[in-house]
Structures are given as C-alpha cells and as structure tokens.
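> My questions will all concern the structure given below.
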Amino acid sequence: MKYLLTDQETERLQFRKLEIRDFEVWQELFFDETTKKMLGMQAFKTPKECCEKWFEWTFHRYENNLGGQNILMEKSTGKIIGQAGLLVREVNGNQEIEIAYSILRNHRRNGFALEAIRKCKDFAFENNFHERLISMIIPENINSKKTAEKNGLQYKEQIYVNHQKFDIHEITKEIWRKSTAI
C-alpha cells in the first residue's frame, strides 16, 4: 500500500483510508447529477449504486496495491470533507500515477482540493513513485482543470478511456523539483 497517504497531514487536513462506516457521508457526493457526470458515474442509477461501486473500486485498489483515494478529514472539525489520493492506472499502454480528488459539495471553494493535491504531488515525488503525475479530467470539469493548473499540472493531451473523453494534465518530477526550489 505504498501509494496511500494514510496518516499524512497538511495544515488543515488529515488523510486516512476509506472505511465502510463512511458510506452514508460519501453517498452525499452522488446526489448531484453534475458531480456524478464529472466523476464518470452517470451509468449508475441511484446515489447508493454509485457509492457502492465507488467503495468496491476503492477497496479493490487498496487490496491490490493500486493506490486509492484517502478520506480527507478537516482537522479543526473532524468532519469528512472529501477524498484525494494517488491511483495507479494504465493509460495508452503505460503505467501512470494519477492524482485524483473529490470534495463534498458543502466544502468546495475553500482550497481543500488545492491543499490535498499539493500533498499528493509532494508525497509521490518525494517517494520516487514515478517521473510524472497526471490528472484525468472530464473536459467539461472547468473547476478541476483550474485546480490542477494552480498546482502546476499543465494540459498535455486528450484521450479516450472506455469511450469516455478525458483531458490529461501532467507535472513532471523535474518541473516539481524546480518549483520546490524557489
């Protein structure tokens, strides 16, 4: 489970593994149809189905050393505010590490995604997991693109995965190293 940020912290956030007891809170994410679309979950009919699939995928990743998103807890309140983490993916025949993130609606626009992405990026490069990191973002997800770009990830290309279009944003270890030396 080397890709998990379990027990990592930022100024305002604590990372921990997703647990079954988080289901009700996390299900809230899928009540919003736009969010379902941005996460590629529109094939599932109900928020419960979306959440069940999300948990299945996350636990599969955990069990198979494929990374996975960690729960993000706000330190000051102890509340779950979202998830973020590193996902091992095959993209165009190459193994990549994706920075993935999702923030619950009531906690958006507070800089939590930016803070979580920064920690994921630093953790991955400090531990030499890969020479570059990507984020796969549905083209219509303007807010996620802006968040990725604020964290130094730049648009690279557009790809299709399982008939779904994604914009790939990337940052290389070399660019990260230069940005941390400032």
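The values are calculated or read from the model by the stated rules, or taken from the named source; none is laboratory data. Bear in mind that the values here come from a model prediction, so they are computed numbers and not experimental data. Ideal geometry is used to build each Cβ from the backbone, glycine not excepted, and the neighbour counts take in all protein chains shown. Just so you know, the surface numbers come from the protein's heavy atoms only, side chains and all, with ligands and any DNA or RNA stripped out. Shrake-Rupley method; radii C 1.70, N 1.55, O 1.52, S 1.80 Å.
> At a probe radius of 1.4 Å, what is the per-residue accessible area of I175, in Å² to the nearest 10?
Near enough 90 Å² of accessible area.
> At 1.4 Å probe radius, can you tell me the per residue accessible area of the chain in Å²?
About 54 Å² of surface per residue is accessible.
> Further, regarding this structure: Please compute the net charge surrounding E115, taking Lys and Arg as +1 and Asp and Glu as -1 over other residues with Cβ under 14 Å from its Cβ.
With Lys, Arg at +1 and Asp, Glu at -1, the net is +4.
> What does the charge count around T6 come to, taking other residues whose C-beta lies under 15 Å from its C-beta (Lys +1, Arg +1, Asp -1, Glu -1)?
Result for the local shell: 0.
> Under a crude label model (7 Å from the Cα following the beta-carbon direction), how far is S76 from K146 in nanometres?
2.2
> With a Cα-only, solvent-free Debye model of the chain, what are the log10 I(q)/I(0) values at q = 0.09, 0.13 Å⁻¹?
-0.29, -0.62
> Roughly to the nearest percent, how much of the accessible area of the chain is carbon and sulfur, given a 1.4 Å probe?
The computed percentage sits at 47.
> Specify which residue in the list I159, T77, G40 is farthest towards the positive end of the charge dipole of the chain, using unit charges on the beta carbon of Lys, Arg (+1) and Asp, Glu (-1), about the Cα centre.
T77
> Sum up the charges of everything whose Cβ sits under 13 Å from the Cβ of F55, counting Lys and Arg as +1 and Asp and Glu as -1, but leave F55 out.
Every neighbour counted, the sum reads -2.
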